[in-house]
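Some notes on the structure that comes next.
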Amino acid sequence: MGEFKVHRVRFFNYVPSGIRCVAYNNQSNRLAVSRTDGTVEVYNLSANYFQEKFFPGHESRATEALCWAEGQRLFSAGLNGEIMEYDLQALNIKYAVDVFGGPIWSMAVSPSGSQLLVGCEDGSVKLFQITPDKIQFERNFDRQKSRILSLSWHPSGTHIAAGSIDYISVFDVKSGSAIHKMIVDRQHMGVSKRKCIVWGVAFLSDGTVISVDSAGKVQFWDSATGTLVKSHLIANADVQSIAVAEQEDSFVVGTAEGTVFHFQLVPVTSNSSEKQWVRTKPFQHHTHDVRTVAHSPTALISGGTDTHLVIRPLMEKVEVKNYDAALRKITFPHRRLISCSKKRQLLLFQFAHHLELWRLGSTVATGKNGDTLPLSKNADHLLHLKTKGPENIICSCISPCGSWIAYSTVSRFFLYRLNYEHDNISLKRVSKMPPFLRCALQILFSEDSTKLFVASNQGALHIVQLSGGSFKHLHAFQPQSGTVEAMCLLAVSSDGNWLAASGTSAGVHVYNVKQLKLHCTVPAYNFPVTAMAIAPNTNNLVIAHSDQQVFEYSIPDKQYTDWSRTVQKQGFHHLWLQRDTPITHISFHPKRPMHILLHDAYMFCIIDKSLPLPNDKTLLYNPFPPTNESDVVRRRTAHAFKISKIYKPLLFMDLLDERTLVAVERPLDDIIAQLPPPIKKKKFGT
Amino acid sequence: MVSDQKPLGSWSVKQGQIITCPAVCNFQTREYIVVHDNKVLRIWNNEDVNLDKVFKATLSAEVYRILSVQGTEPLVLFKEGAVRGLEALLADPQQKIETVISDEEVIKWTKFFIVFRHPVLIFITEKHGNYFAYVQMFNSRILTKYTLLLGQDENSVIESFTASVDRKFISLMSLSSDGCIYETLIPIRPTDPEKNQTLVRSLLLKAVVSGNTRNGVALTALDQDHIAVLGSPQAASKECLSVWNIKFQTLQTSKELPQGTSGQLWYYGENLFMLHGKSLTVIPYKCEVSSLAGALGKLKHGQDPGTHVMPRFVNWETPQGCGLGFQNSEQSRRIEDSEKHIEVEVRKFLALKQTPDFHTVIGDTVTGLLERCKAEPSFYPRNCLVQLIQTHVLSYSLCPDLMEIALIKKDVQLLQLCLQQFPDIPESVTCACLKIFLSIGDDSLQETDVSMESVFDYSNSVHDEKMEEQTEILQNGFSPEEDKCSNCDQELNKKPQDETKESTSCPVVPKRAALLNAILHSAYSETFLLPHLKDIPAQHITLFLKYLYFLYLKCSENATMTLPGINPPTLNQIMDWICLLLDANFTVVVMMPEAKRLLINLYKLVKSQISVYSELNKIEVSFRELQKLNQEKNNRGLYSIEVLELF
């Protein structure tokens, strides 16, 4: 199959931000996740947990609350005191409304989905009406003494519970007055703590209020009388989050010790109608604080400081015991943060607020499989490019020739020209960007680095001609009338004639760059596109979807290739379909047109289209070299998928030249090492 | 006596032919069927005179019996265990007959029943002294095989069988060569027909016939409560027919048969048939409804028969204010009988197990029994309760009275069982059990039959030299000399040798140890247990502490810190109980001079535990550092160029 020199890169010092909030939407089966840097991501749980949308973060915008309202509208509120609505089509922020109550700590959507309630630093609870295109302030509830950290509506919408410091208030929505004030015990393991923070409340239809607090307690209150009914001490540290199932028969809480507890409403004795809440299962999938939990009908979802999003299916609720019943731990973004200049062997790393440019080292030695070769030149950190302003970088790209770097934030687009003189490098910003090039969702250079393709958040695709140190706007493909769907993925053919663009939901459009018109649209497929690329010479578009299907579509013929049809007829190997991370990059071998290179976070694969496809009985992954005596057997069982799992977690892999690969790994241990230390738990004795 | 009556008809086979199977009547066609020479079937009716000329069919296999009951076609049971309906067999007499039972297995007895309008055939086979029961269901065509376990008396030979059917099981009674009648319950609906199942028999009646009569022994069930036995009651006496009430273990009636019998006995339509000498004797016998009064001979004739239909317990109401010895013995006899009876009923119920309301029924039964126990202090169906507890469906909250009564009766065996089986015993009850376990005398313990599973025989596994060596190893990782507070160690080290010896022998008898282990295994909450522990007398606390300390020393003898044996107490349980006892009673124990040495030992023990844990924490930290170093080593290259070959 071939021998490669692999540049194994582990200096991409990427640390994902901790998860602050998760919000699950039952209608669309989508999960919104906000991180501590203000990033908001939307996962489609029906599409193999694919991260299909994201909104870049902002330094001053720490989201403290996230919720879905009627019509699948997503709102967030944060410490900057604003409520924001996200445009899930155009992938930008629709508007931000200042609530004038200081930092917002909590937010809850009414059961009808038409009203929004926020709890503020100054102790106020404010009610907003959700109108079709905005939100409108309606009124204040009785002002409380201290900040409102948690809110929950009664399912009938008549009452709300608000968790504050040392007490929980129950409000009547109609009058806006507090009808009960339930004082939470400050005692923690017999020691009186300074304050008891009510991190979360949940209001059940029978009038029970469940609270979780910083003293490690889960408490049940009767909201009618304002009395404590039951108390569970579950942790030595804070219990920070709670989420109740829609049927109100189970709920989940997350603690600062990284434990998630499942509570269930079970009959006191078999065949009795009297039921009680029982702590049933503890899960320890996190090392750090579980800041937020969600309860989907079939799974417990948790996230926290350790940056993992954990989806733990409830086995009793899962009907088919297939691969969906397995635990999911999502750590890395489902998009590329790395681009590479093949000609100059450069890697561009994208961080939240800066870019790093590295030059790969070299070696003159050769070796056999598995050898580590002595370096004649080590990798160099060439450039550290910091963004101005508080906004996170959305996307970035380095041109194949290595002389251009482009990146974009929400409000500005930056293009730099690089000059190399021996070991010195000089950087020059191309000024006077046209106003339409403000916010790019994806940037791509043509193979010869003469053209720049930009997908803007307005749905338009811009083509820019680069020559010398200047640029010229050539054309803009406007979106089909009526749609504003943003394009998130771009692919250009090596001859520069074809440009493929894919949106968030479905549909890949192929444009003819020479004639500047839409060439064709690839038949729609149910699952979102995770990666695509156009093969040189043949101009076949290879598309990977989140359900792990890979299609090959001939752009000149406007139809799927024979190979793709064969694959679809026979089906992929079951182990291939069971992988749980999406393919994030596809590339091709310049000399071997039959090869497709692709990778996800845990494997890298070369598909050799000339070989037979594996069926479910053949071994998909075989890391061992063939031995002489079994060569015949080996040749007979050889199949198209050549898989390597050596490099993981793999964030990027590409072919630099015929015999050289570059692999960028990000070991989890390195991420953990950069997180704050977790709460220490004693293992032995008392 | 009908011995002088003439037979209605008589037929005989030709000379040289031998009848190998008793003739039966096919009730559906009013024909008779007989087999001669094992394979030749003859069928005739009243009009036929010469047996040689009647219908003849030669079969391909040897017949054991033809079985016929009213309402269904006769069945043919072959010697190899296969069964055929007569019609199906006559349609093709030469059909191949399969072999069901193994080589050398011989059919000993068979019976054919109609249960719920479905025919059920049972036959017993014997092979090398082992007995097997086969139950063939004709509606489902399921053949279930059971192995009959003979119990303690493995050498006894079964002489005769009889069986009666109830709604859900076949009660198979067997008369053994030891002269006792045993009962085996066979469920009609098999739990798992694929599996080879075993059945245990239980003693029903003792010594009904003399143990050494070899032949002429037979028994037959008359109804649910009565059986008729043919045989000689004592070795020397003449053979006689006796009817026994099995419920009350009483002899109902008996008749001498001076001319001897051939060991054949039938019961059809309230008549007993047997061979007496050379004549067939018919004795009409009607079973009375079984009642205690009848069994004791006090049944008033002409009583309203309706009273017998009442629940059976009603028959044994306790007479108030009985003072006479005779009455006492009669009463205890009654209670014993009723306990025995309840036990049999419970066993029958448990044999079935499959009812959907099993839990409820068990709960109700226990509650009923306990209510009666409370009303009648002398009533205590112990075996029954044991059986019910062993169903694993009871819990303390379901029958709180059970342990209360056992505590009153000081029934340590039952208490042990409860502690092992119930998940929800309140701490006060656990503590009450502990009190009894500590205070009960050694001699009364000897009589009890407690489960010794958790106790390992400590006595012979201990050697003084070894023990001493082990205490050294116990202090692994920190030497006593380095310790800051070493004066008490020195004091201890100065103690004479015999102290070590003392601590190595178990301070309690094994049976008490088993009981205490049950306490150690039970679940508790510290807060609720502590106040109750304060009520235990100080010398008992000391004894328990000594035992716990002994267990701790045993634990520390091996590297895994476990005790030998099945399900022994764990180190954590032992340590927790030591802490609990000391917390509750320290002020009392510290005043006792005899406890001083123990306390010093315990102090040393706690200190060593603390040291072990601190060492473990140190090791943990060192390991973490090592892990870090290891990671750094792995991460040494943030960048490398490697060679990869894909195959």
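The values are calculated or read from the model by the stated rules, or taken from the named source; none is laboratory data. What you are looking at is a predicted structure, and each value in this text was computed from that prediction instead of being measured. Don't worry about glycine lacking a Cβ; one is built from the backbone with ideal geometry, like all the others, and counts go over all protein chains shown. Quick note on the areas: whole protein, heavy atoms, side chains included, nothing else; ligands and nucleic acids left out. Shrake-Rupley method; radii C 1.70, N 1.55, O 1.52, S 1.80 Å.
Quick notes on this structure:
- Flag for B:SER608 being farther than 30 Å from A:MET653 by Cα, of a type in the set (Gly, Ala, Ser) and facing another protein chain (nearest Cβ under 10 Å): no
- Candidate set from segment B:349-396 (those that are among the basic types (Lys, Arg) and under 19 Å from the mean Cα position of the chain (by Cα)); member that is modelled with the highest pLDDT: B:ARG382
- Applying the set (1) open to solvent by 70 Å² or more (accessible area, probe 1.4 Å); (2) within 13 Å of another protein chain (Cβ to nearest Cβ); (3) of a type outside the set (A, V, I, L, M) to B:GLU625 leaves exactly one unmet item: (2).
- Restricting A:VAL191, A:VAL278 to those that are open to solvent by 60 Å² or more (accessible area, probe 1.4 Å), out of contact with any Cys (no Cβ under 7 Å at 6 or more places or on another chain), modelled with pLDDT under 95 and of a type outside the set (S, T, N, Q) reduces the list to A:VAL191.
- Total residues in segment A:1-35, condition more than 14 Å from chain B (Cβ to nearest Cβ) and buried (at least 19 other Cβ atoms within 10 Å of the Cβ): 15
- Members of segment A:579-603 found to be open to solvent by less than 60 Å² (accessible area, probe 1.4 Å), within 23 Å of A:GLU52 (Cβ to Cβ) and of a type outside the set (Asp, Glu), listed by number: A:ARG579, A:THR581, A:PRO582, A:ILE583, A:THR584, A:HIS585, A:ILE586, A:SER587, A:LEU598, A:HIS599, A:ALA601, A:MET603
- Every residue from segment A:353-376 that is within 10 Å of another protein chain (Cβ to nearest Cβ), out of contact with any His (no Cβ under 8 Å at 6 or more places or on another chain) and part of a strand (DSSP E or B): A:SER362, A:THR372, A:LEU373
- Residue list for segment B:61-83, restricted to those being more than 15 Å from B:GLN28 (Cα to Cα), touching a strand residue (DSSP E or B) at 6+ places or on another chain (Cβ under 8 Å) and either surrounded by fewer than 21 Cβ atoms within 10 Å (Cβ to Cβ) or in contact (Cβ under 8 Å) with a residue 40 or more places away in the chain (or both): B:ALA61, B:GLU62, B:VAL63, B:TYR64, B:ARG65, B:LEU77, B:LYS79, B:GLY81, B:VAL83
- Matching residues in segment A:636-674 - criterion: being among the hydrophobic types (A, V, I, L, M, F, W, C), facing chain B (nearest Cβ under 9 Å) and either open to solvent by 10 Å² or more (accessible area, probe 1.4 Å) or free of Cβ contacts under 8 Å to residues at least 60 places away in the same chain (or both): A:ALA638, A:ILE643, A:ILE646, A:ALA673
- Of the candidates B:GLN631, B:GLN573, the single residue that is closer than 30 Å to A:TYR647 by Cβ, of a type in the set (S, T, N, Q) and in contact with a helix residue (DSSP H, G or I) (Cβ under 7 Å, 6 or more places away or on another chain) is B:GLN631.
- Sole residue being within 23 Å of A:ALA440 (Cα to Cα) and open to solvent by 10 Å² or more (accessible area, probe 1.4 Å), chosen from A:LEU74, A:LEU66, A:LEU79, A:LEU88: A:LEU88
- Yes/no for A:HIS381 being over 24 Å from A:GLY503 (Cβ atoms), at pLDDT 90 or above and loosely packed, with under 13 Cβ neighbours inside 10 Å: yes
- Scanning segment B:88-141 for residues that are within 24 Å of B:TYR32 (Cα to Cα) and touching an Asp or Glu at 6+ places or on another chain (Cβ under 6 Å) yields one hit, B:LYS108.
- B:ALA351 being outside the structural domain of B:SER525 (by the TED database), in contact with a strand residue (DSSP E or B) (Cβ under 6 Å, 6 or more places away or on another chain) and open to solvent by 40 Å² or more (accessible area, probe 1.4 Å): yes
- Number of the exception - A:PHE349 against (1) more than 30 Å from A:THR36 (Cα to Cα); (2) crowded, with 20+ Cβ neighbours inside 10 Å; (3) within 14 Å of chain B (Cβ to nearest Cβ): (1)
- Matching residues, segment A:447-481, being free of Cβ contacts under 8 Å to residues at least 12 places away in the same chain and surrounded by 13 or more Cβ atoms within 10 Å (Cβ to Cβ): A:GLN480
- Some residue of segment A:325-336 being within 14 Å of another protein chain (Cβ to nearest Cβ) and within 30 Å of A:LEU656 (Cα to Cα): no
- Residue check, B:GLY368 open to solvent by less than 20 Å² (accessible area, probe 1.4 Å), within 27 Å of B:LYS247 (Cα to Cα) and not acidic (Asp, Glu): no
- Residue within segment A:413-424 that is in a loop (DSSP other than H, G, I, E, B) and buried (at least 18 other Cβ atoms within 10 Å of the Cβ) present: no
Every residue, every condition in (1) open to solvent by less than 10 Å² (accessible area, probe 1.4 Å); (2) out of contact with any Lys or Arg (no Cβ under 6 Å at 6 or more places or on another chain); (3) more than 27 Å from A:SER205 (Cβ to Cβ), yes or no:
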site: A:ILE93; (1), (2), (3): no, yes, yes
site: A:ILE104; (1), (2), (3): yes, yes, no
site: A:GLN115; (1), (2), (3): no, yes, no
site: A:PHE128; (1), (2), (3): yes, yes, no
site: A:GLN136; (1), (2), (3): no, yes, yes
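So that you can scan it fast, the table gives a plain yes or no per residue for (1) at pLDDT 90 or above; (2) within 12 Å of chain A (Cβ to nearest Cβ); (3) not in a helix (DSSP H, G or I):
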| site | (1), (2), (3) |
| --- | --- |
| B:VAL589 | no, no, no |
| B:ILE619 | yes, yes, no |
| B:SER640 | no, yes, yes |
| B:GLU645 | no, yes, yes |
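- All of (1) modelled with pLDDT of 85 or more; (2) buried (at least 16 other Cβ atoms within 10 Å of the Cβ); (3) in a helix (DSSP H, G or I) hold for B:GLN539 with one exception: (2).
- Subset tally (residues that are open to solvent by less than 30 Å² (accessible area, probe 1.4 Å) and not in a strand (DSSP E or B)) for segment A:41-54: 3
- Only strands (runs of 3 or more DSSP E) whose full extent lies in segment A:484-530 are considered here, and the ones with at least 3 residues that are open to solvent by less than 10 Å² (accessible area, probe 1.4 Å) are A:498-503.
- Hits in segment A:126-167 - residues which are under 34 Å from the mean Cα position of the chain (by Cα) and among the β-branched types (Val, Ile, Thr): A:ILE130, A:THR131, A:ILE135, A:ILE148, A:ILE160, A:ILE165
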